[in-house]
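Working notes, beginning with the structure itself.
Taken together, the values in this text are just the output of simple stated rules run on the coordinates, not laboratory data. From a predicted model like this one, the values you see are computed outputs, not experimental measurements. Every residue, glycine as well, gets a Cβ built from its backbone with ideal geometry; the counts of neighbours run over all protein chains shown.
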């Protein structure tokens, strides 16, 4: 009789210990999102599919650069598009930072309405932090 009681107690203790350990695993909680939030996200821009590497045009339909990167500020309050400007076939190109909210998506194109090649080239170069 002693062995069955010990086995049951050990089984209960094992279940309690395993239950507590699994409850503390990082990443085991799924963050919840409402259907409305998911629909809003689905209508947004995909950086990989719709922005990165794409040409940027101005309101006159002139190509003024390419989107090289998107950067979100550490406080998440602002984001910037890193635009490659100037150069020829990638040689001599430099990068400038433009607030991402200045970009417009018009007729399948990324548009920076008031930009010119000259104005973007006159901006200070963007340098990544080391």
Subject >> Residue order, fewest to most surrounding Cβ atoms within 10 angstrom, among 82, 72 >> reply: 72, 82
**OP:** Under 1.5 on a/c is rounded, so check that first for the stretch 41-130, then, if it is not, pick prolate when a/b is larger than b/c and oblate when it is not; a ≥ b ≥ c are the square roots of the alpha carbon gyration tensor eigenvalues.
**Re:** oblate
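Ranking 128, 80 by Cβ neighbours within 10 Å, fewest first, what do you get?
Going from least to most buried by this count: 128, 80.
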